[in-house]
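First up is the structure itself, then whatever we jot down about it.
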Amino acid sequence: MSDVEQQIERWWADLAGSELLRQSDVNELENHLREEMAHWETRGLSDEEAFLVARQRLGDTATLEEEFAKVHP
């Protein structure tokens, strides 16, 4: 398993530990993360750089919880 895949697993586990996010939410976020990573990789970033940018653009756990709470009160 690549280092980036391990980082994605840790990120996923962190989100999955949230009481406010459902597993389907976390899976959706992972899809968004991977799409964003692919976008940046086509622009020349390494997989590591693409992960960091994509994760930053999605936001931290607290921000994601707030956004999903608006959709799923």
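Summary of values
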read-out	value
Å² of accessible area per residue within the chain, as computed with a 1.4 Å probe and no ligands counted	66 Å²
Relative intensity, log₁₀ I(q)/I(0), of the chain from a Debye sum that treats every alpha carbon as a point, q = 0.17, 0.20 Å⁻¹	-0.61, -0.81
Accessible-area order (highest first, 1.4 angstrom probe) of the listed residues Thr61, Thr42	Thr42, Thr61
Cβ charges +1 (Lys, Arg) and -1 (Asp, Glu), total dipole of the chain, debye	160 debye
Computed helical MRE - 222 nm, the chain, DSSP H runs ≥ 4 contributing -39500 (n - 2.57), nearest 500	-24500 deg cm²/dmol
Within-12-Å neighbourhood charge of Gly59 [Cβ basis; K, R +1; D, E -1]	-3
Relative contact order of the chain, pairs being alpha-carbon contacts under 8 Å that are 6 or more residues apart, as %	32 percent
Rough spin-label spacing in nm, given labels placed 7 Å along Cα→Cβ, for Glu19 and Glu66	1.9 nm
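The values are calculated or read from the model by the stated rules, or taken from the named source; none is laboratory data. Fair warning: this is a prediction, and the values are worked out from it, not measured in the lab. Note that each Cβ is placed from the backbone with ideal geometry, even for glycine, and that neighbours are counted across all protein chains shown. Accessible surface is based on the protein model in full, side chains and every heavy atom, while ligands, DNA and RNA are left aside. Shrake-Rupley method; radii C 1.70, N 1.55, O 1.52, S 1.80 Å.
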